[in-house]
1. Could you look through segment B:304-355, keep only residues that are among the charged types (D, E, K, R) and within 15 Å of the chain's Cα centre (by Cα), and pick out the one that is nearest to B:Val184 (Cα to Cα)?
2. How many residues does segment A:47-66 contain that are more than 7 Å from chain B (Cβ to nearest Cβ) and either over 18 Å from the mean Cα position of the chain (by Cα) or within 21 Å of B:Gln49 (Cβ to Cβ) (or both)?
3. State the number of residues belonging to segment B:4-45 that are in a helix (DSSP H, G or I) and more than 21 Å from B:Ile67 (Cα to Cα).
4. Residues B:Ala200, B:Ala218, B:Ala205: which one is within 7 Å of another protein chain (Cβ to nearest Cβ) and in contact (Cβ under 8 Å) with a residue 60 or more places away in the chain?
5. Does segment B:59-88 hold any residues that are surrounded by fewer than 22 Cβ atoms within 10 Å (Cβ to Cβ) and polar (S, T, N, Q), and which are they?
6. Determine whether B:Ser40 is buried (at least 21 other Cβ atoms within 10 Å of the Cβ) and either on the phi < 0 side of the Ramachandran plot or among the aromatic types (Phe, Trp, Tyr) (or both).
7. Residues that are under 20 Å from B:His51 (Cα atoms) and of a type in the set (Asp, Glu), at least 1 per element: which strands (runs of 3 or more DSSP E) completely within segment B:78-180 meet that?
8. Go through (1) among the hydrophobic types (A, V, I, L, M, F, W, C); (2) within 28 Å of B:Asp279 (Cβ to Cβ); (3) out of contact with any Lys or Arg (no Cβ under 8 Å at 6 or more places or on another chain) for B:Phe369 and report which single condition fails.
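The values are calculated or read from the model by the stated rules, or taken from the named source; none is laboratory data. In this text, all values refer to a predicted model and were calculated from it rather than measured experimentally. As a convention, Cβ positions derive from the backbone with ideal geometry for all residues, glycine included, and neighbour counts pool all protein chains shown.
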Amino acid sequence: MTTTTERGRAGQRADRDTHFEVEQFYYHEAELLDDGRYTDWLDLLDEDLDYWMPTRTNRLRRQQAMSVAARGEAAFYDETKESLAWRIRRFDSGMAWAEDPPSRTRHLITNIAARHVDPADHPGFTEDDLVVRSAFLVYRNRLEREENVFAGGRTDVLRRAGSGLLIARRTILLDQNTLLSKNISTFF
Amino acid sequence: MTRNVDVSGLVDTAGGLLDRAIFTDDRIYRQELRRVFAPSWLFLAHTDQFHKPGDFFTTYMGEDPVIVTMDKHRRIRAYLNSCRHRGARVCRADFGATRNFTCTYHGWSYDLEGKLVSIPNRDGYPESFKAGDWGLVEVPHVDSYHGLVFGTWNPQPVSLRESLGDMAWYMDAMLDHDPEGTAVVGGVHKWVLEGNWKLAAEQFATDWYHVNMSHASALMLLSPIGKGPKDEIVHRTGRQYVDPNGHGAGFPVHPKNRFDARTVHQWMDYDALRARLGDARVEGPLTNGHATVFPNFSYLPVNGSIRIWHPKGPDRMEVWAWTIVDKSMPPEVREAQRLYNLRTFGPSGIFEQDDGENWSEVQAVSNGFITNGVPLNYQMGMGSEREDGRFPGTTSELYSDAAGRSFYARWRELMNTPAWHEGGDR
């Protein structure tokens, strides 16, 4: 594993070992979400987490640059670690009916590409930290025959924390305009 | 003609019984589009979505696609979003700014006044062809009330203000906090639900009852950690407004009846609000209530959530929800309101999730032959409707189906009345 700081890694593609480490980290995260171990999932998130899932709109081609809602506009999630913990406490109430009986979910994470952070683009982070793009396919099956498929991409900033990684920033782009499900009761 | 269903026997307001066929029958649904949606004032957009000529927003009236735009004279107008030539939509963006609407099929192009201004291969048409006859079909009446834009296809409607009646007094508790009015923050949340549109509309008109059970998990989150929902939440008293035109609004009357973000609550100048709106409104509908403007526009005053339940067949609807704020709110207060609404009544919200679950559940089981024949109970608060001397019009208890009965009475009346387009045909 590359743990020593080398010059000139900023913005460079991470090596094979780092990619393997990131993949394993995401597979573990997916397992926690699919097993409903949300409190354990929270432990993978850093204290200064910014977790954002904007809505996406159909725009004329010349206005396409604005097709992802800006910060401060409509979002499916716009969360801190504290607000995610608040949402997760709901599941522990025993009365969160939209997830009782619980859904079956499968988080498939793929197309992972990790680069070392360029601190010029991400103030407060170092070259040890990683900017990772990935794709997800989340299948939800609920009650007798309800089905939803959520496909999209994520851009994370993962922070080196001791021997592991923590999610410090996550932007989620769902590949839908109108949300094609009755709610969002899982995380991505 | 037999194509219309007589729904008299399906809605028993005196007995408080409802036949489930009104949620499942395709003929009834098609009749709703003709007789409930076409003649009624329907919510289109918020005036804050239009700042300069050419700003547009596309939406639906019933299942009819419409473009809402501001013309050169800064008038908000609405047109059927369907080319007069072969019928494709002439605008397929959700919103934006443009000078004209051009169909991408053959290229017919319309200006902001809906006029047909450009036709490729024009010389192929006969001399009798007059472009002036082929403009976009315009929604004949568009009007707004405190920033909310409504339109109707009815050529001779009662005015929007008249159709709102006393409901306007209750709406002002959300829309008229100060002279600056309201603004939209951040666009529109859109999501689908497997349920008849009336399930949502009637709930927002009449159903405080479900809050304690359906939203038990959310109420716990809003209470101190480790304790159940606060007693003052569960055992609230309040009133429900019952409008003869089918609108409805319920609200607790209690000094601690707000679920809202602390930042918003602290910013509100309650003394000024009392002076402007009166004590009854500040202690009633300005707080944590629910409301529906018949047929399919609803809102939650404390969250600033306004939404429309677009019908998409007897068993499906689409929810379009905006967050509105007072224009006078500073940025950090607007942001607090936006985040609070997103986290409670967005599609991932701690309240909204459970509402969607209920409606799809009711819908899913209603197709059974026996199930469909078992009526639903709307008897709560029967006989409690009265004038209470404090709130305008007829009111009932907070826990009551009274506004629901009135909602369905209005629905029945419209369903059994030939609309203008039927030429007296029953």
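1. So the residue we want is B:Arg307.
2. 7
3. 15
4. Residue meeting the stated conditions: B:Ala218.
5. B:Ser82
6. yes
7. Counting at least 1 such residues, we get B:109-111, B:141-145.
8. Failing condition for B:Phe369: (2).
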